[in-house]
Amino acid sequence: MLRLLGAAVNAAGVLMGSLLGLIWGARLPLVFRQDVMRLIGLAVAILGISMALPFSDPVNTLLSLVIGAWIGYRLDLGAHLERWGKALEARVGQQNIMQGFITAAVIFNVGAMAIVGSLQAGLTKHPTLLETKAVLDGMTAMVLTSAFGWGVLLAAPVTFAYEGGLSLAAGLLHRILVGPLLTDVSVVGGVLIAGIGINFLLEKTAVNIPNLLPALVFTVILGWLKQHGLSFV
């Protein structure tokens, strides 16, 4: 279907970039790869901060993060993903698979470009934004894969499913995921991305990103309530 073309192109860009990273990254010295990981952390932190800078509704943003973190903690999302990741790593004999997957999936999918591009593809069947994003994501995937290995590849089907779902539902969502609500989602997503960058820079899990993922759902709920007159600012 033409509505899914943009999502398919974007996923293909992630896949191609990841494959190039696997081929290219294995040839790089370990010390250089460690330096690259820190540079990625710096760049990702700056990207996240730039996304969060509008910060037009700090109360809703903080509520989304706190409620999302509480739900993530109660569901123990971080521990479940860590156990699954360690089991997978033990089976294939490679580390950082889960970290690479979560990092790539969040970076590629929580921004406004993914949402707006998917809605454009679904409504107009001309996926210009997602095609542009495919190039950017492919380059990012190449660098991430050189640092984390093939776990980044797993973000390709997630990207296709997420953007494809938004594209198919564009007729219902295009009146909702716009304006202040889209800004709120981008701000919360930016905070999560900045957290990923901080983890890179500190070389430890200072911010539990998996436990914060439910915040993306709650910011939509709070944003919808705000559109209907219930606001905390």
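Bear in mind these aren't lab numbers, they're just calculated from the coordinates by the rules spelled out. Keep in mind that this is a model prediction, so the values were computed, not measured. No Cβ is skipped: glycine too gets one built from the backbone with ideal geometry, and neighbour counts run over all protein chains shown.
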Crossing angle, helix 77-92 versus the chain [Cα axis fit, 0-90 degrees, rounded to tens]
30
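So for each of 100-106, 73-79 I average, over its residues, the number of other beta carbons within 10 Å; can you give me the resulting order with the highest mean first?
Values: 100-106: 24.4, 73-79: 14.4.
Per-residue mean Cβ counts within 10 Å order the peptides as 100-106, 73-79.
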Treating cross-link reach as a plain straight distance, find the aspartates and glutamates whose alpha-carbon is under 19 Å from the alpha-carbon of LYS86, omitting any fewer than eight places away in the same chain.
ASP76, GLU203
Calculate for the chain the 222 nm mean residue ellipticity that helices alone would give, adding -39,500 (n - 2.57) per DSSP H run of length 4 or more and normalising by residue count, nearest 500 deg cm²/dmol.
-26000 deg cm²/dmol
Under Karplus coefficients 6.51, -1.76 and 1.60, residue-wise ³J(HN,Hα) of the stretch 182-187 in Hz, glycine/proline x
5, 4, 4, 4, 5, 5
How big is the Kirkwood radius of the stretch 99-178, worked out from every pair of different alpha carbons and given in Å to one decimal?
12.8
Distance cut-off 13 Å, percentage of C-alpha pairs in the stretch 139-211 lying past it:
77
Once the Cβ-Cβ distance between PHE32 and GLU131 is put in as r, and R0 is 35 Å, what FRET efficiency do you end up with, to the nearest 0.05?
0.65
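Which number comes out as Rg/Rh for the stretch 2-226 once both Rg and the Kirkwood Rh are worked out on C-alpha atoms?
0.96
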Using a Gaussian network model of the chain with C-alpha springs under 10 Å, which one of ARG27, ARG38, ARG91 is most mobile by mean-square fluctuation?
ARG91
